[in-house]
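The structure appears below as structure tokens.
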Amino acid sequence: MMGATLSRWSMSYFAVGFVCLLSSEALMMAGFGFPATALAAPDTLVLVHLVAIGWLSLLMLGALFQFVPVLIAKPLYSDTLPLPTLALLVTGLAALLTGFLQLGSSIPGPSPSFPAAAVLLGCGVTLALWNLGRTLWPARPLPLPARFVATGLLCAGAATALGIVFALVLGGVAGDPKLVNITAYGIPVHAIAGLAGWLTFTAIGVSYRLLAMFMLAPEGDTARSRAVLYFAAVALTLAILGGTAAICLGRGLNTVLIVAAVFGVCSLGLYGIDVLHLYRARKRRTIELNARMAAVALANLGAVVLLAIALIMLGQFEAQIGAVVFLATFGWLTGLGLAKLYKIVAFLTWLECYGPVLGKVATPRVQDLVVETRATKWFWLYFAGVWTATALLLLTAPAGFRASAALMFIATIGIGIELVRTRLMADVKPEMRQSYPTRRPPLPASQQTH
């Protein structure tokens with residue numbers, strides 16, 4: 001890894017995202033939003049976007065700014081654009097949350113919050129897509145994981161475009177009947193573009209590379225992995241483009257989404273087989289904590305699919321969709337994000353501190369920066385909180401849900417402390433600290449490249 005370039009702002013994205021995750025868990029613990037209020041209530045929309053944009057999207061972008069260059073063996077197009085991108089996304093998110101709070105009369109209005117959010121978030125996402133797109137474009141034909149990422153970025157653009165339409169209509173700026181219809185009926189399409197397309201599809205692509213890299217498993221562009229890409233691409237095209245067209249033409253949206261779901265389930269089933277192959281074919285026999293917890297998150301993804309199918313067969317899917325989305329968001333996406341963040345922070349910190357002296361002096365391993373036995377309990381507590389919260393949502397027990405959210409909050413704080421200790425090199429043995437180049441890495445952002 002000598003000569004590898006570190007993303008200057010990835011740690012800042014991770015830090016801001018982590019604060020948003022803790023904030024959302026604290027709000028759930030306090031009984032704010034669903035299930036205390038309806039899924040479409042303004043308070044719930046505050047929670048949803050705090051998690052989807054503030055936590056998951058910032059986490060994903062921070063990771064992509066670092067690892068897209070690794071996927072294609074080319075440098076990031078611009079290492080300065082991530083900072084204004086972060087500023088635009090954070091201020092845009094603040095404006096969006098303000099708009100939802102005004103919509104629910106929690107704070108006084110009116111104000112131009114929704115139009116401002118549309119402009120700020122639109123510009124922020126555009127900068128991110130431009131930077132990553134210009135990075136990927138010269139590397140064509142793209143390797144398989146990068147093709148997943150490229151498709152996920154297109155979905156991010158679609159989710160943002162729909163969100164801008166919603167914001168302009170809610171802000172009273174746009175009144176075209178088709179845009180009003182999209183706002184009224186397009187929430188499922190917006191959610192699919194964001195959660196399924198942007199976040200899940202991109203996470204799948206990145207996981208192919210990271211799981212193979214951290215477990216020393218064979219990478220390959222196989223017929224099965226390409227089928228995962230193609231089935232998912234068809235599903236997302238049907239859901240996003242077909243769904244939007246159905247709304248504009250006044251046709252049935254449910255039929256389009258059902259057909260898309262069939263392709264999506266096929267894609268996820270094949271992905272599950274691929275993941276099992278990676279774990280079985282790994283050369284690193286002792287699985288590190290991040291890989292073990294990633295396996296739990298992947299099992300949660302399978303549970304999401306099975307739960308959705310069971311609820312559809314029972315005719316309860318619409319009534320219980322909140323539980324499905326919760327398990328997908330916190331059991332799958334957040335679980336995988338926290339697991340990989342635990343490894344990424346250690347890996348980037350090690351690379352930053354020891355990369356310049358690698359081969360010149362004795363250096364610790366990446367694993368020497370962490371204490372897995374101490375961190376393990378926090379991950380299991382987090383997943384236990386997610387599982388009990390999902391069960392209590394299915395049982396319509398809001399008081400118990402708040403208690404489970406408290407478990408998630410406590411566990412996330414514990415994981416956060418472990419991440420800070422890793423960043424501060426607090427667990428490196430004293431005899432290895434003589435290898436420090438000049439200084440410890442700063443918190444939260446690394447400001448140097450090697």
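The values are calculated or read from the model by the stated rules, or taken from the named source; none is laboratory data. Keep in mind it's a predicted model, so treat the numbers as computed, not measured. Glycine also receives a Cβ, built like all others from the backbone with ideal geometry; neighbour counts cover every protein chain displayed.
Quick one: which residue in ILE182, ILE192, ILE187 is surrounded by 24 or more Cβ atoms within 10 Å (Cβ to Cβ) and either over 22 Å from VAL70 (Cβ atoms) or of a type in the set (A, V, I, L, M) (or both)? Selected residue: ILE192, the only one of ILE182, ILE192, ILE187 that is surrounded by 24 or more Cβ atoms within 10 Å (Cβ to Cβ) and either over 22 Å from VAL70 (Cβ atoms) or of a type in the set (A, V, I, L, M) (or both).
Among residues of region 273-291 that are in contact (Cβ under 8 Å) with a residue 40 or more places away in the chain, those with a beta-carbon under 7 Å from a residue that is part of a helix (DSSP H, G or I) and small (Gly, Ala, Ser) at least six positions away or on a different chain give the pairs ASP274/SER225; LEU278/ALA212; TYR279/ALA295; LEU289/ALA375; ASN290/ALA339.
Scanning region 311-330 for residues that are surrounded by 13 or more Cβ atoms within 10 Å (Cβ to Cβ) and either over 22 Å from GLY33 (Cβ atoms) or among the basic types (Lys, Arg) (or both) yields one hit, ILE312.
When region 256-282 is filtered for residues that are surrounded by fewer than 18 Cβ atoms within 10 Å (Cβ to Cβ) and more than 17 Å from MET215 (Cα to Cα), the ones remaining, listed by number, are ILE258, VAL259, VAL262, VAL265, CYS266, GLY269.
Which of the following residues is part of a loop (DSSP other than H, G, I, E, B) and at pLDDT 95 or above: PHE18, PHE65, PHE32? Exactly one of PHE18, PHE65, PHE32 is part of a loop (DSSP other than H, G, I, E, B) and at pLDDT 95 or above, namely PHE32.
Okay, residues lined up against (1) of a type in the set (S, T, N, Q); (2) under 17 Å from GLN66 (Cα atoms):
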| residue | (1), (2) |
| --- | --- |
| LEU96 | no, no |
| ALA116 | no, no |
| VAL119 | no, no |
| GLY122 | no, no |
| LEU144 | no, no |
| GLY152 | no, yes |
| THR160 | yes, no |
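All conditions in (1) surrounded by fewer than 23 Cβ atoms within 10 Å (Cβ to Cβ); (2) in contact (Cβ under 8 Å) with a residue 40 or more places away in the chain hold for ALA339, with the sole exception of (1). Counting the residues of region 53-91 that are buried (at least 23 other Cβ atoms within 10 Å of the Cβ) and without any contact (Cβ under 8 Å) to a residue 60 or more places away in the chain gives 5. Taking the condition at pLDDT below 95 and surrounded by 20 or more Cβ atoms within 10 Å (Cβ to Cβ), does PHE148 pass? For PHE148, the condition - at pLDDT below 95 and surrounded by 20 or more Cβ atoms within 10 Å (Cβ to Cβ) - is not met. Taken over region 110-143, residues that are surrounded by fewer than 19 Cβ atoms within 10 Å (Cβ to Cβ) and farther than 24 Å from VAL51 by Cα amount to 10.
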